[in-house]
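Contents: one structure, followed by commentary.
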Amino acid sequence: MTMASSGKDMRTPLGRVRGLGSAREGTGHFWRQRLTAIANIPLTLFFIGFLISLNGAGYAETRNAISNPFVALVLFLFIISGLIHMRLGMQVIIEDYIHGEGGKLALLVLNTLFTIAIGAAIGFALLKIAFGV
């Protein structure tokens, strides 16, 4: 017996046909949030360890450490994963607490644009340091 035939399915008839929930992305959003949270654990531990190892180091030593390809890659992953996780979390807050559709849409767009802008700025700075440009 399926959920649809048992009377417990809360989706609309069109949603049942398409196999989608009301927002059409709830499960994917949930899993992306959980995967970035899990990825952030070792990436954050690496970042903290990296900062501790650079305690008292000068600019040249820090730049040299960041120019290591492994370190630059892990720092880049740390930034991307953190930004994606932040965007997903803010999206949930906006969707839950902003009730006007116009304001909600504007804030969701700004949330995405802010994430892209911060990611681009940090990525540019990291690449500039890593490649010594």
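Since every read-out is calculated from the coordinates, none of them should be taken as a lab result. None of the values given here were measured: they were computed from a predicted structure. Virtual Cβ from ideal backbone geometry, glycine too; neighbours counted across all protein chains shown.
Over region 26-131, Cα pairs under 8 Å with separation of 6+ residues give a relative contact order of 37 percent.
What is the calculated FRET efficiency for Val74 to Ile38, with r their C-beta to C-beta distance and R₀ = 25 Å, to the nearest 0.05? Efficiency at R0 = 25 Å is approximately 0.95. So if R0 is 30 Å, what FRET efficiency would Tyr59 and Ala117 give, r being the distance between their Cβ atoms, rounded to the nearest 0.05? Efficiency, rounded to the nearest 0.05: 0.70. Projecting the Cα atoms of Met90, Ile80, Phe124 onto the charge dipole of region 50-133 (Cβ charges, centred on the Cα centre) puts Phe124 farthest toward the positive pole.
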